[in-house]
Amino acid sequence: MHPLLLASSSPYRRELLERLGLPFECSSPDIDETRQPDEPAERLVRRLAAEKACALAHLHPNRLIIGSDQVATLGDTVLGKPGSHQQATRQLLAASGRSVRFLTGLALLDSASGQLQVDCIPFIVHFRELSTQQIERYLQRDKPYDCAGSFKAEGLGVTLFRATEGSDATSLIGLPLIRLTDMLIAAGIELP
């Protein structure tokens, strides 16, 4: 078995990958994550997930390298990580009473053979009608400024939801473990 390498510095992705009980290391790739002009969100996350995995291949031969990227979309608008309290407030006000679609790109690269598996896993969050007071209380508690869509599903963010729909709830946190398990099995890893 080739050792696993998670191409990410995200503590959320690291915690999710630990659930599989496989040894792995982490390394953060240095890539340009700028969206290309008129690039659809699904193509963006697929491209970035693959680029993250491939960026580390020359440094880590004989590894299975996992890349992942996520964006949230509200209608035709791509929501990134808010980065600030003000931007998170704007995002959550815009999402109030609406549905936000999360797209998580996932790539698994066998750096020895060059075999690359890439997919995009969607997940939809239907938000409750949110008051500015609810949003403010939530942001003060969870401070989700590094999370696409301005919430932490593994924290109090779940209180903002009316419903969710999708095949893999872990994709909402940033690493779709069900699809990753399929990819690892296809690469020869025995799970569980």
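Listed values, structure above:
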read-out: Cross-chain or 6+ apart pairs with Cβ under 6 Å, the range 161-181 first and under 21 Å from Ser10 (Cβ atoms) and without any contact (Cβ under 8 Å) to a residue 60 or more places away in the chain, then of a type outside the set (Phe, Trp, Tyr) and part of a helix (DSSP H, G or I); value: Asp168/Ile178
read-out: Number of the exception - Val118 against (1) among the hydrophobic types (A, V, I, L, M, F, W, C); (2) assigned to a strand (DSSP E or B); (3) modelled with pLDDT of 95 or more; (4) buried (at least 21 other Cβ atoms within 10 Å of the Cβ); value: (4)
read-out: Close pairs (7 angstrom Cβ cut-off, 6 or more residues apart or separate chains): over 11 Å from Ile66 (Cα atoms) and touching a residue at least 24 places away in the same chain (Cβ under 8 Å) in the range 11-40, of a type in the set (Asp, Glu) and surrounded by 13 or more Cβ atoms within 10 Å (Cβ to Cβ) anywhere; value: Ile31/Glu51
read-out: Residue list for the range 70-100, restricted to those being free of Cβ contacts under 8 Å to residues at least 12 places away in the same chain and under 15 Å from Cys147 (Cβ atoms); value: Arg90
read-out: Test: Ala49 is surrounded by 15 or more Cβ atoms within 10 Å (Cβ to Cβ) and free of Cβ contacts under 8 Å to residues at least 24 places away in the same chain; value: no
read-out: Answer from Ser96, Ser131, Ser171 - the residue that is within 15 Å of Leu16 (Cβ to Cβ) and hydroxyl-bearing (Ser, Thr, Tyr); value: Ser171
read-out: Entirely in the range 125-192, the helices (runs of 4 or more DSSP H) that have 3 or more residues that are of a type in the set (Val, Ile, Thr) and surrounded by fewer than 19 Cβ atoms within 10 Å (Cβ to Cβ); value: 177-186
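The values are calculated or read from the model by the stated rules, or taken from the named source; none is laboratory data. Values in this document were obtained by computation on a predicted structure and should not be read as measured data. Positions of Cβ are backbone-derived with ideal geometry, glycine not excepted, and every protein chain shown enters the neighbour counts.
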